[in-house]
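The values are calculated or read from the model by the stated rules, or taken from the named source; none is laboratory data. Everything numeric here is computed off the predicted structure, so don't read it as measured data. Here the Cβ is made from the backbone with ideal geometry for all residues, glycine too, and neighbour counts use every protein chain on show. Side chains are part of the model used for accessible areas, which takes the heavy atoms of the whole protein and leaves out ligands, DNA and RNA. Shrake-Rupley method; radii C 1.70, N 1.55, O 1.52, S 1.80 Å.
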Amino acid sequence: MRYGGWTGKILRIDLSTGAITTEETMKYKEYLGGTGIGWKVLWDEVPPGTKAWDPENRIVFGVGPLTGCGAPSSGRMVVTSLMPVHINDLPGAGHMGGAWGPELKYAGWDSLIIQGKAAAPVWIRIVDDEVSIEDASELWGNGTYRTATAICTEMGSDAHVAAIGQAGENLCRLSCIISDRHHSAGGGGLGSVMGSKNLKAIGVKGTGSVRIATDVKTWKKLNYYWLSLMGANNNHVVPMNKQPWAEYYDSASRWTADRGLFWGAASPPVETGYCTDFEHPLPGDCPRPQNKMGRRTHKGYKDFGLPGANHTVKMNGCLHCPVRCHIATDVPQLEQYGVSRYNENTCTGNTILSSIMKTVPGSQDSNLINSQMSTNLTSDYGFWHDYGQWAVCYNWAQSHVMSAAECKALMLPASFVGKTPFQNRLPAAELAILSGNPTGSTPYAPASPWGKANAGDPSAQQDLIKLIIPNGGKIYSKTPVFADVVANGPAYWAEKWPEIGYFNNHCTKSLSFKMNHAKHHGAESFGQIGCLINMTYNRDAMNHTHQNVTVGPPLAVVNQLMKELFASPAAPGIFNDPNGSDICHTSSVDGYKPVTAGMAAFTAACMVELELKNAMISCDWTLPAWLSPLKSRGYRGDINMHADLYAAVTGDKVDLKQFQLIGLRLLTLFRALTARHMDYHVKKENPTGQVNMRHDHDYMNDWMFDKVGDTTTGPVRGPGTGIPNAVSGNTDAYPAKEVAFQGTTQLMSREDMEKAKELLYEQLGWDRETGMPTEATLKKLGLSYVKGKIPALIVA
Amino acid sequence: MKEPRDAVSEDPGKEASSGEIADLIHKYISRRDFLIATGAFSLGVTAFCIMGGTSAAAGAAPRKIYVANALGMVVGDPTLCTGCRRCEAACTGYHEGIARPSISRVKVARNVQFGVEGVRMNGYQTGNGDFGNFRTIQDTCRQCPHPVPCQLACPHDAIEALAPVNARVVDVKKCEGCGICVQACPWGMISLTGPANGKGSKATKCTLCNGNPECVQACPSGALTYRKWSDLTKTIPPRQTVPASVRLTAAVAESCKECH
Ligand code: SF4
Ligand code: SF4
Ligand code: SF4
Ligand code: SF4
Ligand code: SF4
C-alpha cells in the first residue's frame, strides 16, 4: 500500500566523496522516522569506538511521518548522532523546532543522513529534489544569523536554514545547530559534529506536500478533537491563576493567560484574556473560545514576570503548533550594545550566559535584558546551554573557596586551599584578562569581564563569549586554558579538573544527574519516576512526558486518572500494574513514598512515549494527551490520540498496544546501541570486562542520596571512601528550592532506587541484573539482529 | 518598532455601476504605474489599459468579464499573528487533504522570516519577520473588485465569481495551468499545483470556503477575520509588478470596450 505521511525517500550525502544518493524510506518503516531511523543508522553504520568528530560518524537530520502534516505540534525535528560532550561519545539526539524539518518533508525527504568530511567548508542546498553541495568559504566565520540570511538571499525568503555558528566551527563541544534564527538542536554538542565535517549549513526549500491517508472530513475532525484536548505548553490543562470559569488552578501552570495580562510590546498591546465558556465545543469540536489558544501560554510572563510581559511582542514557536511557547521580545535597551532589540527563545535557552551574570539590584528589567543578550549571542554563535549545568559549574568554579578537607580528599595541592578553582587553575595572564588582576581575586576591576558580569552589565557577555568560543585552534583565544574547560562542557572539564566532577557528583548546588550531565526534571518530578527517566539517557533527559503530568488538577485526581491508564486490570496499554498501586505523588505534598509497580509502569509508558514523539515527530511539550482541560471528561485526555494520529496520517492502522510496541522497539534499540558503545570502552580498559548497564549506566549522583556527615560515600565515586559528606557543605543534600520530599527525609534512597530499576526493567522486558533487553524481548520487537553484535550482553 | 494595525476600510461592498467602474479604472491608472504595450492591451499593476484597439483584438467575440463584488473577505491582523501557519495547514488540509504550504491560498510562509519586503543582507534585524521585529504579515486574497486582475488575465476564462459569496474562484475544468494568473495577481495570491503548462497543473486561489473560511476557524490567535468585503486593493501595496508579457486577450479587450 501507499502510505501517507512519509514521502518515501531518504537523502544521503557523503561529504568525503560528494556522493548524493537516495534510499527507500520503507526499509526503515519499523523505526518510523526521527530518532528511530537515527538509532538504526548508528547501529548499522557506526562501529563502537567511533568518535563524534570522526568522518565515519553519521549525523541524521530526522523527520517523521507526522512532520509537516499540519496536525498540532508536528513541526519539530531531531538530529541524531554521537555526542561530543560525552567522554565516550555516546549516541544521543538534539531536538529542533521551527519549520526546518517540515520544509525537508515538503522538499520530498523523510530524513537526511550525512557522513564523511568535506575537504573545505561547504553548505548543502536542497530545493525539492535538486540537491547540491556548495562552497561555504565565504560563510565560514559568520554567526548563524548572517549565515542564514546570506543563504536565503540565494534561495529565497521562504527557505529554511539550519546552520552552525562560530562555536560549532571551532569544535566547541558545547555547540548547537540553529535554524529559523532561534530554534536549536543542542543535543550534546551537535554543532561541532557539523563543524567537524566542514558543514556550515543546510538550506531547504520544498514545494511538495505531505499526504494524509485518511479522508478530509475525518482529518479535520481529528485535528479539532485533538485541539480540544490540548492545554497550554507542557499540556498544562488548568490555568495558573484562579479564574471564574475554571474549577482548578495550579501556580506552576504555563497556562498563564489572564485578564489584564498583555503581550505588552505588541502594537497595540494584546490581552491574553480568560477562556470563558471553555466547555462548549463549536461545530467540529473547536476549543473555546475559538482562536485564543495561541495566547494561553504567556511564557514571557511565566519566565520573567511583568517585565517579561511588558517586553513581549508575541508568542512564537514551531510550524503548525497552536501552543506558541517561544517568547518574542522587544528590548530596546539592547541597542546600546549594538545587538538587535528583537530576540526570541524560551526556558533555559534564554539564560545560558545570563546565568553567569549578577543582575542589577533594584532593576526590574536587568534579568530580562541580560537574558535577551544571552539569547542573542548564543543563538548567533551557536553555543549550547547544557540545560544549565554548564553555568552551575562555571559559577561554582568562580565562587567556591576550596577547603582543606576537599583538597586532601581530591589529592589537590595544599596551595589550592582558600581559593576558587578558577584562581587555582587559570594562568595569571588569563586571570588578569578576566578579572583585571593576576590572582583573580575580588573585587574585580570594574571594566574586566568578571567585573562587568558582577555589576550586571550585559556587555560582559559579549566579552566573555569571545573568550570562550575561540577554542578549536582555528581562532586564537586570549584565554586558552579558560576556553578549553568552559567551552567543552562539564564532562571534559571534570576530566581535567577533578574538583568539577566532585562538585557535580556531591554538592548541593549541583544540577548534574550523572556522567557530569544535567538533570532534567529529576527527583522533583514524581520522585523515583523522574530519577528513572533521567537515568536512561546519555545527556540531560529530554523527556517531558512525566513532567507534563506533574501540573494540573489536584494530585489525587491526576493519580486516579493515571491509575486508570497504568495501574488497573483494565489498563489500555502494555504497561500496567494490575494491582492498582499509586503512581503520582509529589514529595512536597505527601512526603517520601516507596516505589510502586504502578510508578514503574507509568515510567515505562513515558519513556516509550518519548521515543514515539521523537520518531513521529511530535512535540515533547504538548503530548502525551493523558490529561485534558475538559471538566466534562473528568480531565481525562485520550491515550489513543498519538496512535490515532499516526494511523490517520499514514493509513497504517495500529492500536495503542501495537503503537507502544513500536516505541519499545526504538527504546530497546537505543539501549542496545548505548550498551554496545559503552562495552567497547569498558573492554578498552579491561579486555575481560563487560558493561553492566544497571550499574554502569543507570546510576545517579550521590548528592541526591547523601545526608550530612554520611561517610559511606565520598568525593570519589563509590562507597566506602570514608570521607564525611559534610565536606561538600551539604546541609540537606538537596537544594531547598527543589525539595524532593518533606517529612522524615528529603533524600532519595539507594535501596529504593535499586528496586525501582528492577520494576522498570520488568515492564520493559529487560533483564533485572544487567538492565539489558532479554533475548525474548529482542525477538518480540523484531530486534534479534542486535544479539549478533553484542552476544555476551544479551541473556536468554 | 511601534506600528499601527493595518487600517481596514469598513465600506460595505455594494455593487458598482459601470460609470463607477470606469472611474475606478481611471483612478487606478492615475495611481499606479502600469504597462501599456504598444498595439496590445496589457495588464497594469492593478489596472488595465482600456484605450485603443488592435487588429488582434478587433473582431473577437466579447467575453463577459464584469463581476459583482465579493460579499466577504479574509483579513489578517499582523499584531495578533504568531506565525504558526495553522491557517495554511487548514487551507490545504481541509480541502485537498494534504499539507502543502506552497499552494495554500493564505500565504504566511513567504513573509514569516523576513517580512513582505523579503530577505536582504543589511537591515534584516530591523525589518519585519522572525529575523527582524517579529511582525508577521498574512497575505490574503483581496477578492478584487472589477476589473479583477487574475480573472481578466486568464486566457481561458477559468476564473469566475462564484455564489454564495462571489469569491473569485478557479474553475479547474477550464483551467489549463498556464500560470498567467499567477503573474497577473499584483499580490501574488495564486499558486499552481505543478509546473506551468505541466500535465494536470491547475491554478488555485482563495475560494473563501463558500463563506466559511477554514483558515479563520483554525487560527489559534484570532489573527484572521472573515468580514464584509471592502476594497483594500488601493491601500495594500502590490507585491509584484505584473510583467509586460501578461496581456488581455482580444475577447476581454472587446468586452472592456463595451463599457469604456
Ligand atoms: S509547544 Fe512550543 S516547542 Fe512544542 S511545538 Fe509548540 S511551539 Fe514548538
Ligand atoms: S488572486 Fe489576486 S488578482 Fe485575483 S482576486 Fe485575489 S488578489 Fe485579486
Ligand atoms: S493557470 Fe488556469 S486560471 Fe490561471 S490563467 Fe492559466 S488557465 Fe487561467
Ligand atoms: S478562505 Fe478558505 S480557501 Fe481562502 S485561504 Fe482561507 S482556507 Fe484557504
Ligand atoms: S493561523 Fe493565525 S496566527 Fe497562525 S500564521 Fe495564520 S494568521 Fe498567523
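The figures follow:
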| item | result |
| --- | --- |
| Overall Cα dimensions of the stretch A:9-205, principal axis frame, Å, largest first | 40, 39, 31 |
| Number of partner chain Cβ atoms within 10 Å, mean per residue of B:101-112 | 4 |
| Size of electric dipole in the protein assembly as shown: Cβ of Lys, Arg +1 and of Asp, Glu -1, about Cα centre, debye, nearest 20 | 1200 |
| Label-point separation, B:VAL172 to B:GLU117 (7 Å along Cα→Cβ), nm | 3.9 |
| Among the listed pairs B:LYS107/B:LYS234; A:LYS9/A:LYS787; A:LYS29/A:LYS205; A:LYS9/A:LYS314, those beyond 27 Å (Cα-Cα) | A:LYS9/A:LYS787; A:LYS9/A:LYS314 |
| 5 angstrom amide H check on A:ASP180, placed H, neighbours 5+ away | A:VAL161 |
| Over the stretch A:237-381: Rg over Rh, Cα atoms, Kirkwood Rh | 1.01 |
| In nm, spacing of pseudo-spin labels at A:MET411 and A:ALA445 (7 Å Cα→C-beta vector) | 3.8 |
| Accessible-area ranking of A:GLU769, B:GLU254, largest first, probe 1.4 Å | A:GLU769, B:GLU254 |
| Computed lengthening from B:HIS156 to B:HIS260, 0.36 nm per intervening residue step minus Cα-Cα distance | 35.2 nm |
| Heavy-atom accessible area ranking, 1.4 Å probe, most first, across A:GLU45, A:GLU103 | A:GLU45, A:GLU103 |
| Length released on extending from A:TYR337 to A:LYS684, taking residue separation times 0.36 nm less the Cα-Cα span | 119.9 nm |
| Ellipticity estimate at 222 nm from DSSP helix runs (n ≥ 4, -39,500 (n - 2.57)) divided over the protein assembly as shown, nearest 500 | -8500 deg cm²/dmol |
| Fraction of antiparallel bridges per DSSP, chain A only, in percent to nearest 5 | 85 |
| Bins of 10 Å, starting at 0 and running to the largest distance - Cα pair percent for chain A | 3, 14, 24, 28, 21, 9, 1, 0 |
| FRET E, pair A:LYS478, A:ASP752, Förster distance 45 Å, beta-carbon r, rounded to 0.05 | 0.35 |
| Relative contact order for chain A, counting Cα pairs under 8 Å that sit 6 or more residues apart, in percent | 13 |
| Per-residue average of Cβ from other chains inside 10 Å of B:124-130 | 5 |
| Per-residue SASA entry for B:ASP171, accessible area with 1.4 Å probe, Å² rounded to 10 | 30 |
| Options A:ASN395, A:PRO427, A:PRO449, ranked by Cα towards positive dipole end of the stretch A:388-497, top entry (Cβ charges) | A:PRO427 |
| Test item: A:151-163 mean partner chain Cβ contacts at 10 Å | 4 |
| Percentage relative contact order, the stretch A:258-402, counting C-alpha pairs under 8 Å, at least six apart | 16 |
| Shape metrics for the stretch A:522-601, restricted to C-alpha atoms - Rg then Dmax, Å | 12.2, 35 |
| Mean Cβ neighbour count within 10 Å, used as a protection proxy, ranking B:229-239, B:200-210 highest first | B:200-210, B:229-239 |
| A:PHE262 long-range amide H proximity, modeled H, under 5 Å | A:THR272 |
| FRET E, pair A:ASP655, A:VAL557, Förster distance 25 Å, beta-carbon r, rounded to 0.05 | 0.40 |
| Trypsin sites (Lys or Arg not before Pro) restricted to DSSP loop in the stretch B:78-177 with at most 11 other C-beta within 10 Å | B:LYS173 |
| Amide H within-cut-off set for A:SER568, under 5 Å, with H built and near neighbours excluded | A:ASP577, A:GLY580 |
| Global geometry of the stretch A:187-306, whether rounded, prolate or oblate, following the gyration tensor of its Cα atoms and the 1.5 cut on a/c | oblate |
| Cα-based shape type of the stretch B:113-195, given that a ≥ b ≥ c are square roots of the gyration tensor eigenvalues and the cut on a/c is 1.5 | prolate |
| Linear extension gain, A:ALA796 paired with A:GLU24, 0.36 nm per residue minus alpha-carbon span | 274.5 nm |
| With all protein chains modelled, accessible area of A:SER354 [1.4 Å, Å²] | 20 |
